Structure formats: C-alpha cells, structure tokens
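Structure first, commentary second.
The values are calculated or read from the model by the stated rules, or taken from the named source; none is laboratory data. None of these values were measured; they are calculated from a predicted model. Cβ atoms come from the backbone with ideal geometry, glycine included; neighbour counts cover every protein chain shown. The protein model used for the area step is the full one, side chains on, heavy atoms only, and it has no ligands, DNA or RNA in it. Shrake-Rupley method; radii C 1.70, N 1.55, O 1.52, S 1.80 Å.
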Amino acid sequence: GCGGCGGHGDGTGRAAFDRAAAALHAVLDAAGPGLHHLVCSVPVDGTPLAAAVHATAREGRPPTFAEPGALVFRTVLACGIATGSPGGIVLRTSLPGVPDTVRGWSLRDGWPRPLSEAEVFTAYCTDAQTGEPIPPEHGVEYRAGLPLPRPEDEEG
C-alpha cells in the first residue's frame with residue numbers, strides 16, 4: 001500500500017478502492033500457494049454485482065493476477081465497502097494432488113469477516129439468483145474463512 005490518507009475530495013471512493021485492494025491481498029496472503037479463483041458479490045440497490053479473478057501464488061513470491069479481472073474485482077469490492085453492503089468473497093484454491101478447498105468471507109464494517117465452515121457450505125451450495133440449494137461439488141472441501149488483519153491494525 002502507499003500509506004497515508006491520500007488526496008481528499010473523492011476520498012470515500014479512493015479509500016474504498018485502496019481498502020478493496022488491501023482486502024484482496026490479505027485474502028491471497030492468508031490462502032498461501034495455489035491456483036486461486038476468487039468471486040466477489042455485492043448487492044447494490046438490489047442488483048447483485050459480481051466479479052471474479054484468477055490469481056496464482058507460488059511459495060515466497062507475490063501472487064500474480066489476471067487483469068482486468070482484478071481491477072473489476074477491486075471495483076465491486078470497493079462498492080460494497082463504500083456503500084456498507086453485505087457482500088461476500090468466495091475463494092477456491094486448487095493445488096496438485098489435493099482436493100480443492102473453498103473458503104468464504106462476508107463484508108462487515110468495510111472488511112471481510114471469515115465465515116464458518118457451515119456458512120461457506122451454505123453460501124457455496126445456494127443458487128444466488130433463486131435461493132435454491134445446489135448439491136455440493138464432489139471432491140471439494142469447504143473450510144472456514146481465514147482471519148484477515150485489518151489495515152488499521154497494522155499501522156502504528
């Protein structure tokens with residue numbers, strides 16, 4: 001991050017975007033190595049906005065993102081942060097030789113809060129449009145979200 005409070009004026013949008021970028025990095029830092037598929041969904045004025053991004057993380061190296069997916073992802077997440085919407089993030093991680101893992105977070109007070117294993121299962125196995133249950137995928141492990149350090153906890 002660049003630190004400081006940056007320019008004022010369009011402060012809210014800028015701050016929300018910076019926070020969204022920090023959240024994306026925090027999720028990937030917590031997730032560790034693997035091929036990551038992240039989906040962010042945020043209801044804004046009753047319309048669900050959604051964005052997906054692929055990231056690859058290797059041991060000891062910063063994650064690489066597929067742009068423009070990462071930009072759209074940060075933008076959707078920033079909308080959720082700026083409007084206080086109850087959005088969420090789902091992370092699916094693939095590593096060779098082990099089952100895929102799915103984790104989830106919900107937006108609370110402008111930062112992703114880890115979901116429990118049961119909440120992740122429910123979120124992943126429910127059709128977002130209809131609310132109907134979807135059968136769980138075979139060979140996928142549903143795990144609780146990981147706690148993410150808030151940017152303000154790391155300053156000072």
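If you go through the stretch 87-133 and pick out every residue that is in contact with a helix residue (DSSP H, G or I) (Cβ under 8 Å, 6 or more places away or on another chain) and either exposed (fewer than 14 other Cβ atoms within 10 Å of the Cβ) or part of a loop (DSSP other than H, G, I, E, B) (or both), you end up with 3.
If you take the residues in the stretch 110-136 that are in contact (Cβ under 8 Å) with a residue 12 or more places away in the chain and of a type in the set (D, E, K, R), which one is nearest to GLY80 (Cα to Cα)? Residue satisfying both the conditions and the ranking: ARG113.
Please determine, by comparing only the residues of the stretch 137-156 that are within 15 Å of LEU91 (Cα to Cα) and not charged (D, E, K, R), which one is most open to solvent (accessible area, probe 1.4 Å). If you could, list the steps in order and put the result at the bottom.
Looking only at the stretch 137-156, we keep the residues that are within 15 Å of LEU91 (Cα to Cα), and these are 137, 140-148.
With the extra rule that they be not charged (D, E, K, R), the set shrinks to 140, 142, 144-148.
On the way: VAL140: 19, TYR142: 28, ALA144: 39, GLY145: 11, LEU146: 45, PRO147: 103, LEU148: 18 Å².
The selected residue is PRO147.
Condition test on PRO147, is it in a loop (DSSP other than H, G, I, E, B) and either at pLDDT below 90 or small (Gly, Ala, Ser) (or both)?
On the way: in a loop (DSSP other than H, G, I, E, B): yes; either at pLDDT below 90 or small (Gly, Ala, Ser) (or both): no.
In short, no.
Residues that are in contact with a Gly (Cβ under 9 Å, 6 or more places away or on another chain) and either in contact (Cβ under 8 Å) with a residue 12 or more places away in the chain or part of a strand (DSSP E or B) (or both) are absent from the stretch 62-72 altogether.
Take the conditions (1) closer than 27 Å to GLU152 by Cα; (2) in contact with a strand residue (DSSP E or B) (Cβ under 6 Å, 6 or more places away or on another chain); SER94 misses just one of them, which is (1).
Looking only at the stretch 26-59, which residues are hydroxyl-bearing (Ser, Thr, Tyr) and surrounded by fewer than 14 Cβ atoms within 10 Å (Cβ to Cβ)? Step through it out loud before you land on a result.
Going residue by residue through the stretch 26-59, those that are hydroxyl-bearing (Ser, Thr, Tyr) are 41, 47, 56.
Once the filter is applied, which keeps residues that are hydroxyl-bearing (Ser, Thr, Tyr) and surrounded by fewer than 14 Cβ atoms within 10 Å (Cβ to Cβ), the stretch 26-59 yields only THR47.
Select, from VAL39, VAL27, the only residue that is under 24 Å from ARG150 (Cβ atoms), in a strand (DSSP E or B) and of a type in the set (A, V, I, L, M, F, W, C).
Details: VAL27 fails: in a strand (DSSP E or B).
The match here is VAL39.
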